[in-house]
Amino acid sequence: MPATLDDLITRRFQDVAVSEQGDINTAEFLEAAEGVVKLFDILDSAAFYPKVHDKSLSSPGDPTKYDTLQKIVLAEAKEGDRTATQGLLWLKRGLELTAMALKRNLDNPAEELSVSFTEAYNNTLKQFHNFLVKKMFGMAMLACPDRKSFYEKVGGGKPDVHEQLLAWVNALQALLNELNIFYAKGAYDKGL
């Protein structure tokens with residue numbers, strides 16, 4: 001039997017530690033984010049190859065140096081180097097696309113995955129992409145797997161795959177909300 005998301009994910013977004021102040025554990029968050037790449041790898045679709053392998057899912061920093069994502073950004077703000085800040089910003093944007101697309105698809109049982117991802121793209125990454133990248137995304141959606149195949153591959157036919165994926169997406173969105181508040185408060189995304 002082919003591997004499912006349960007088989008491949010080492011840490012769920014639900015299991016990422018967040019302090020009372022909203023600080024997100026770096027190593028745990030990055031480990032959970034690797035699950036998104038594994039999700040797309042399970043699908044084995046050309047539609048997701050550019051998304052999985054672009055800068056949106058690149059690591060924003062050394063998890064052994066700073067224990068929270070916020071500390072990475074704060075340290076860079078003092079030093080004037082924004083490399084990891086930009087990496088985290090693009091990771092956040094890529095994860096927002098994924099969370100929005102999957103949430104929309106779970107909430108709309110008749111909607112195909114390509115429609116959910118296209119709508120999510122229009123509301124997240126499209127504003128940051130040039131004409132060529134926008135066209136490439138549209139072409140990639142032509143290779144997007146159908147809804148039925150997606151849920152069968154991700155869940156291995158388990159009846160609770162929708163509930164598990166919804167919990168995963170909701171936990172991801174809660175973490176992204178914390179990061180969005182942090183970025184907005186410090187204007188850390190300005191100029192990136």
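Each value in this text was obtained by applying a stated rule to the coordinates, not by laboratory testing. Everything numeric in this text was worked out from a predicted model, so none of it was measured. Neighbour counts run over all protein chains shown; Cβ positions are idealised from the backbone, glycine included.
If we count every other residue with Cβ under 14 angstrom of LYS185's Cβ, Lys/Arg +1 and Asp/Glu -1, where does the sum land?
Working: positive: LYS190; negative: ASP23, GLU178, ASP189.
Net charge in that neighbourhood comes out at -2.
Taking R0 as 22 Å, what FRET efficiency do you get between ALA167 and ASP146 from their Cβ-Cβ distance, rounded to the nearest 0.05?
Values: r = 23 Å, r/R0 = 1.07.
Efficiency, from the Cβ-Cβ distance: 0.40.
Please give the contour-minus-distance gain from LEU74 to LEU132: 0.36 nm per residue of separation, less the Cα-Cα distance, rounded to one decimal in nm.
Details: separation 58, 0.36 × 58 = 20.88 nm, distance 3.39 nm.
Taking 0.36 nm per residue and subtracting the Cα distance, the gain is 17.5 nm.
What is the packing order of peptides 154-160, 25-31, taking the mean over residues of other C-beta atoms within 10 Å and listing the highest first?
Details: 154-160: 14.0, 25-31: 20.6.
Taking the mean over residues of other Cβ atoms within 10 Å, the ranking is 25-31, 154-160.
Between the range 71-133 and the range 134-192, what is the separation of their alpha carbon centroids in Å?
What the calculation gives is 8 Å, centre to centre.
With a point put 7 Å past each Cα toward its Cβ, work out how far ASP23 is from GLU119 in nm, to one decimal.
Distance between the two pseudo-spin positions: 3.9 nm.
Please give the calculated 222 nm ellipticity per residue for the chain, where each DSSP H segment of at least 4 residues contributes -39500 (n - 2.57) and the sum is spread over every residue; nearest 500 deg cm²/dmol? Please report the intermediate quantities before stating the final value.
Working: 9 runs with 118 residues, N = 192.
About -19500 deg cm²/dmol.
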